[in-house]
1. Let me confirm something: among 69, 17, which residue is in a loop (DSSP other than H, G, I, E, B), out of contact with any strand residue (DSSP E or B) (no Cβ under 6 Å at 6 or more places or on another chain) and either of a type in the set (Phe, Trp, Tyr) or at pLDDT 65 or above (or both)?
2. Looking at 25, 81, 32, 47 in this structure, which one is surrounded by 10 or more Cβ atoms within 10 Å (Cβ to Cβ) and at pLDDT 70 or above?
Amino acid sequence: MNKFLLSLLVMAGAGVIALPVLAAEPIQHDVEHYVLLHQYKDQWAKEDKEIDNKLAELREKNGGKKPNIVYILIDDMGFCEFGMPELNKIRGGHDV
């Protein structure tokens with residue numbers, strides 16, 4: 001089995017992967033979010049359009065079905081914290 005897939009299964013078993021929870025109230029972002037949104041809104045709008053076009057192409061290739069996309073966001077973790085030798089080498093550490 002692919003080591004990347006194996007690590008995802010391990011993370012899922014450890015409860016690292018979670019589904020989004022719908023908030024009862026809208027999200028209130030901090031000031032930094034609004035500053036970045038103002039600075040990059042045109043660039044982000046262009047990138048969003050490119051992504052929408054790519055997703056539309058994938059839908060066409062799959063007979064109109066939406067693609068299954070898994071998005072994993074993990075914050076405040078270093079490379080070695082998952083114990084993957086490939087990432088340890090990138091960071092310059094040794095195998096765990």
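The values are calculated or read from the model by the stated rules, or taken from the named source; none is laboratory data. Everything quoted here is computed from the prediction, not taken from an experiment. Heads up, the Cβs are rebuilt from the backbone with ideal geometry, glycines too, and the neighbour counts pull from every protein chain shown.
1. Testing whether each residue is in a loop (DSSP other than H, G, I, E, B), out of contact with any strand residue (DSSP E or B) (no Cβ under 6 Å at 6 or more places or on another chain) and either of a type in the set (Phe, Trp, Tyr) or at pLDDT 65 or above (or both) leaves just 69.
2. Unique residue meeting the criteria: 47.
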